[in-house]
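Since the structure comes first, as structure tokens, the remarks are kept for the end.
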Amino acid sequence: MKFLVLNGPNLNMLGIREPEIYGHETYDDLVERTRAACEALGAEAVFFQSNSEGELVTAIQNAYFDQVDGIILNPAAYTHTSVALLDALKAVGIPAVEVHISDVASREDFRQVSYVRAACVRTIAGQGLDGYRQAAEYLAALLGGVIGE
């Protein structure tokens with residue numbers, strides 16, 4: 001199995017940006033923890049972070065050609081604005097899990113809308129960096145036929 005772990009704007013600033021919301025762990029911590037979780041599942045993890053919507057769309061499209069089996073996606077602020085990410089996910093048809101470090105349901109009104117959710121098999125929010133492990137486990141079970149979409 002091969003998973004693309006795709007992170008949107010400002011996630012490179014983890015540990016610095018609003019630690020009261022996102023915690024003190026860094027983006028490198030996120031990569032290390034998620035890679036270890038994927039390896040424990042027998043999955044390869046490929047990581048990509050960008051502050052640019054177009055680069056994220058291209059990464060989703062490339063996942064199709066790179067034969068990625070699942071996508072773990074934290075679109076960050078683009079969650080609430082990007083039809084382009086939604087369309088890219090729909091175009092490739094790769095099972096995707098939407099992840100949010102914070103509990104977006106308890107935050108500002110504008111964070112209640114997720115454009116990408118319509119193309120995702122599951123959403124995990126408010127679990128901190130552990131949400132990425134949970135997403136990997138869900139995708140592994142889904143791809144292994146343990147659970148259905």
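The values are calculated or read from the model by the stated rules, or taken from the named source; none is laboratory data. Remember, predicted model here, so these are calculated numbers, not experimental data. Note that we place each Cβ from the backbone using ideal geometry, even for glycine, and neighbour counts take in every protein chain shown. What goes into the accessible areas is simple: the full protein's heavy atoms, side chains included, and nothing from ligands, DNA or RNA. Shrake-Rupley method; radii C 1.70, N 1.55, O 1.52, S 1.80 Å.
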Sole miss for Ala91 among (1) among the small types (Gly, Ala, Ser); (2) modelled with pLDDT under 95; (3) assigned to a helix (DSSP H, G or I) is condition (2)
Restricting segment 2-36 to residues that are at pLDDT 95 or above, among the hydrophobic types (A, V, I, L, M, F, W, C) and open to solvent by 20 Å² or more (accessible area, probe 1.4 Å), which is nearest to Leu56 (Cα to Cα)? Val31
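Give the residues of segment 58-84 that are outside any loop (DSSP other than H, G, I, E, B) and under 26 Å from Gly144 (Cα atoms), sorted by residue number. Show your work before the answer.
First pass over segment 58-84, keeping only residues outside any loop (DSSP other than H, G, I, E, B): 58-65, 70-74, 76-80, 83-84.
Ala59, Ile60, Gln61, Asn62, Ala63, Tyr64, Phe65, Gly70, Ile71, Ile72, Leu73, Asn74, listed by residue number.
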In this structure, does Thr79 turn out to be over 19 Å from Tyr138 (Cβ atoms) and of a type in the set (Val, Ile, Thr)? no
Within segment 37-78, restricting to residues that are in contact with a helix residue (DSSP H, G or I) (Cβ under 9 Å, 6 or more places away or on another chain) and among the acidic types (Asp, Glu), the one that is surrounded by the fewest Cβ atoms within 10 Å (Cβ to Cβ) is Glu44
